[in-house]
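S.K.: A single structure is presented below for examination.
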Amino acid sequence: QVQLVESGGGLVQTGGSLRLSCAASGGTFSTYAVAWFRQVPGKERELVGTISWTGTSTDYTDSVKGRFTISRDNAKNTVYLQMNSLKPDDTAVYYCAAAHNRYYRANAYPFWGQGTQVTVSS
């Protein structure tokens, strides 16, 4: 059983940057792939990107490619989401999720954090 806690959200102006963290406890975190999702009210949870359990492979949804970077430090049991060139459309609650394999559907991930709000002002 893995517990996940996100942090690092906040209010930032258009063009600014934020780094979100996803800290894990309670399991062998280095054996889990991790995904970042985001959700705005009234919409389905959207996949932002994923990272393999080794950290050597990442992929991203088209809308964030070239702006967002996912990385991980397994020694610290933490995954990061570096967000640059932020836009108002990036405003959402951001969640990290973990599973033993990488998936693109939210319901495939058994472990979730509580979410952290990111607001990008225009």
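The values are calculated or read from the model by the stated rules, or taken from the named source; none is laboratory data. Since this is a predicted model, take the numbers as computed values, not measurements. Glycine also receives a Cβ, built like all others from the backbone with ideal geometry; neighbour counts cover every protein chain displayed. To get the accessible areas, we keep the full protein, side chains included, count just its heavy atoms, and leave off ligands, DNA and RNA. Shrake-Rupley method; radii C 1.70, N 1.55, O 1.52, S 1.80 Å.
S.K.: From the residues in the stretch 50-85 that are on the phi > 0 side of the Ramachandran plot and modelled with pLDDT of 95 or more, which one is surrounded by the fewest Cβ atoms within 10 Å (Cβ to Cβ)? Even if it seems obvious, please write down each step before you answer.
M.R.: Of all residues in the stretch 50-85, those on the phi > 0 side of the Ramachandran plot come to 55, 66, 77, 85.
Keeping just the survivors that are modelled with pLDDT of 95 or more gives 66, 77, 85.
Values: Gly66: 9, Asn77: 19, Ser85: 13.
Among those that are on the phi > 0 side of the Ramachandran plot and modelled with pLDDT of 95 or more, it is Gly66.
S.K.: Can I ask one more? Any idea which of Ala108, Ala99 is in contact with a helix residue (DSSP H, G or I) (Cβ under 8 Å, 6 or more places away or on another chain), open to solvent by less than 30 Å² (accessible area, probe 1.4 Å) and among the hydrophobic types (A, V, I, L, M, F, W, C)? Show your work before the answer.
M.R.: Working: Ala108 fails: in contact with a helix residue (DSSP H, G or I) (Cβ under 8 Å, 6 or more places away or on another chain).
Just one listed residue meets the conditions, Ala99.
S.K.: Please work out which one of (1) open to solvent by 30 Å² or more (accessible area, probe 1.4 Å); (2) out of contact with any Lys or Arg (no Cβ under 7 Å at 6 or more places or on another chain); (3) closer than 23 Å to Gln1 by Cβ; (4) touching a residue at least 60 places away in the same chain (Cβ under 8 Å) is the condition Pro88 fails and give its number.
M.R.: (3)
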